[in-house]
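Below you'll find the structure, written out as structure tokens, and then a few comments.
The values are calculated or read from the model by the stated rules, or taken from the named source; none is laboratory data. Note that the structure is predicted; figures quoted are calculated from it, not measured. Because the Cβ atoms are built from the backbone with ideal geometry, glycine has one as well, and the counts that use them run over all protein chains shown. Areas reflect the complete protein model, heavy atoms only, side chains present, ligands, DNA and RNA absent. Shrake-Rupley method; radii C 1.70, N 1.55, O 1.52, S 1.80 Å.
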Amino acid sequence: YSAQSIQPVSTIGAGDNFNAGLIYGLLHYRICREALSTLSDKEWDNIIACGRDFATNACMSLDNSVSPEFAEQYRVGR
């Protein structure tokens, strides 16, 4: 998977937020552990996109986490 080209403010927390995004994606798309081995490429694309979005947002500030505005917009937009 490719990453979006950004000018990060800080990369501290990017990995943690990527993982949080993956978990969000799994929960949002209602993917259980038993289904992981049978996911389609499109399903993985959707889950990875969540991780990438979370990490990208976290890199755009010194807070080392996603912003409350991002979280609200992401929740409503998905």
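Residues that are open to solvent by less than 40 Å² (accessible area, probe 1.4 Å) and either in contact (Cβ under 8 Å) with a residue 60 or more places away in the chain or β-branched (Val, Ile, Thr) (or both): find the helices (runs of 4 or more DSSP H) completely inside the chain holding 1 or more of those.
41-58
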Within segment 25-40, the residues that are of a type outside the set (A, V, I, L, M, F, W, C) and at negative phi are 25, 28, 29, 33, 34, 37, 38, 40
In the set 53, 41, the lone residue that is touching a helix residue (DSSP H, G or I) at 6+ places or on another chain (Cβ under 7 Å) and charged (D, E, K, R) is 53
Taking segment 32-62 and keeping only residues that are within 13 Å of residue 6 (Cα to Cα) and small (Gly, Ala, Ser), one is left with 55, 58, 61
